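Below is one structure, written out as structure tokens; the observations come after it.
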Amino acid sequence: MEHLSELLYNLAPYTHFIAFGLLILAGLNLPVSEDLVFIIAASIAATITPEKTMLIFLGCFSGAYTSDIIAYAIGRYAGRQVMETKIIRRFVSEKKLFKVEEYFHHYGQKTLFFGRFIPFGVRNVLFISAGIARMRFHRFLIIDFFALIITSTILFSLGYFFGDNYRLIEPYLDRYKYVVFAIFIIAATLLISIKIKSFKGQKDNNDQF
């Protein structure tokens, strides 16, 4: 965090460009925290370059949005080739890959929207999976856009409000990540359980006839 903060503060006049580039790297699963980039960039906007607040926000937003699209494109145009390599095939069978595609066909929109709130690199896995499952590109763009509007506004507002004291957010940000991740896992488990019960009920009814 210190190195990230130092980099952005030392290049404060170019925060919008630096944040854009960092968020592209975050989207490629390099060790850059998307959440912290938003918060620190907003802190700089509040304390050093208030006249560039909107420009910095747009730099952060466009960087995150572009990185999401890159992850989707990797999944769509290279995901299948990667998944079919011998190394990956040892861990992921064609049957499992088919299940992922089926899952995205039925629940992809909800998963993509709520998955945008989850840290730990889960976001990119979902974006790549959406590409592999060949979710319609315009649908991906729309869902991700609205989810990102929410997350980016929250993170940027927090950084702007706390200003120089943005470090106070970090402990709570970590808790927020774990809470959101736990909620997502619970919701996904319940959804799958309900679907399985529904499928079994339909099967039992069919067997009676």
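FYI, it's all coordinate maths here, none of it is from the lab. Fair warning: this is a prediction, and the values are worked out from it, not measured in the lab. In this analysis, Cβ positions are derived from the backbone assuming ideal geometry, glycine residues included, and neighbour counts consider all displayed protein chains.
From most to least packed by mean Cβ count within 10 Å, the peptides 21-28, 145-152, 157-164 give 21-28, 157-164, 145-152.
For R136, R76, R123, R116, the sequence from fewest to most other C-beta atoms within 10 Å is R136, R76, R116, R123.
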